[in-house]
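Written out below as structure tokens is the structure these notes cover.
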Amino acid sequence: MNVSSNPATDPEHIAISKSKGIDIDWKDGHRSHYSNAWLRDNCPCAHCTGAHGTEPQRTNFSDPPKPASPFVMFTPAPRMATVEPAGHYAIRIGWTDGHTSGIYSYDHFRRICPCPACKSSQT
């Protein structure tokens, strides 16, 4: 099977910090930074997206903090517990909140790139 290469979705270099996030330099020259909060909120798994007709179970770590209340419980920031390759097309991330079913394809990474240039083209 001959898999075609796409510089926009082929990583040149990937730097992973379990406490901060993932930086990807793409073969087309673009650079992306994904914070842990952004990655956890944009998990592509069926549970988080509601892919099986269920209610999506998205997190909201990236949202601005709500007004302070004396009854708000502390929520720790998301951290990667495990990171491993999934074939030659994706990364599987296990989170410290126990969520382990997210497989982030390089296509998905590029689609959710949070940089201003990419966000303006996302609908």
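Within segment 46-93, if we keep just the residues that are aromatic (Phe, Trp, Tyr) and modelled with pLDDT of 85 or more, the residue that is farthest from Ile14 (Cα to Cα) turns out to be Phe61. May I ask you to list pairs of residues, at least six apart or on different chains, whose Cβ atoms are under 6 Å apart, with the first in segment 95-109 being assigned to a strand (DSSP E or B) and modelled with pLDDT of 95 or more and the second being of a type outside the set (A, V, I, L, M) and surrounded by fewer than 20 Cβ atoms within 10 Å (Cβ to Cβ)? Going by the 6 Å Cβ cut-off, the qualifying pairs are Ile103/Arg92; Ser105/Tyr89. Among the residues of segment 90-123, just one is polar (S, T, N, Q), within 14 Å of the chain's Cα centre (by Cα) and within 21 Å of Asp25 (Cβ to Cβ), namely Ser105.
Among the residues of segment 14-48, those identified as surrounded by fewer than 17 Cβ atoms within 10 Å (Cβ to Cβ) and either part of a helix (DSSP H, G or I) or at positive phi (or both) are Gly29, Ala37, Ala46, His47.
The values are calculated or read from the model by the stated rules, or taken from the named source; none is laboratory data. The shown structure was predicted, so the numbers you read here are calculated from the model rather than taken from an experiment. When we count neighbours, we look across all protein chains shown, and the Cβ atoms used for this are built from the backbone with ideal geometry, even at glycine.
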